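Colleague: Below you will find the structure I want to go over with you.
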Amino acid sequence: MFNKRLLVIDDDNDITELVSRIAIQSGFDTRTAHNDLSFISIYEHFKPDVVVTDIVMPGMDGFEILQFLCARGSTARIVLISGNQQY
């Protein structure tokens, strides 16, 4: 049985699958999104408790995801990740 909902957003499928697998093993109901359009659709229906998002992505980047969440009054905990060596 799942207690918390986790949404993972990353344009790298390997990363979303890895984070999702670990989260499921930890008891999270998990969804993944690979672009801004799928993120918005999933977010509106899923209402996650935790959001893990890549910072550098085409379309909405991680900071724009944060702005989107803030504008909607989200209370989700946010984890920013990046494989980009600039951060």
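Colleague: Report yes if Ile9 is modelled with pLDDT of 95 or more, surrounded by fewer than 18 Cβ atoms within 10 Å (Cβ to Cβ) and among the hydrophobic types (A, V, I, L, M, F, W, C), otherwise no.
Modeller: Here the answer is no, as Ile9 does not meet what is asked.
Colleague: Name the single residue, out of those in segment 12-49 being aliphatic (A, V, I, L, M), surrounded by fewer than 16 Cβ atoms within 10 Å (Cβ to Cβ) and under 18 Å from Phe68 (Cα atoms), that is nearest to the chain's Cα centre (by Cα).
Modeller: So the residue we want is Ile40.
The values are calculated or read from the model by the stated rules, or taken from the named source; none is laboratory data. Here the structure is a predicted model, which means the values were calculated and not measured. Cβ sites come from the backbone with ideal geometry, for glycine too, and all protein chains shown count toward neighbours.
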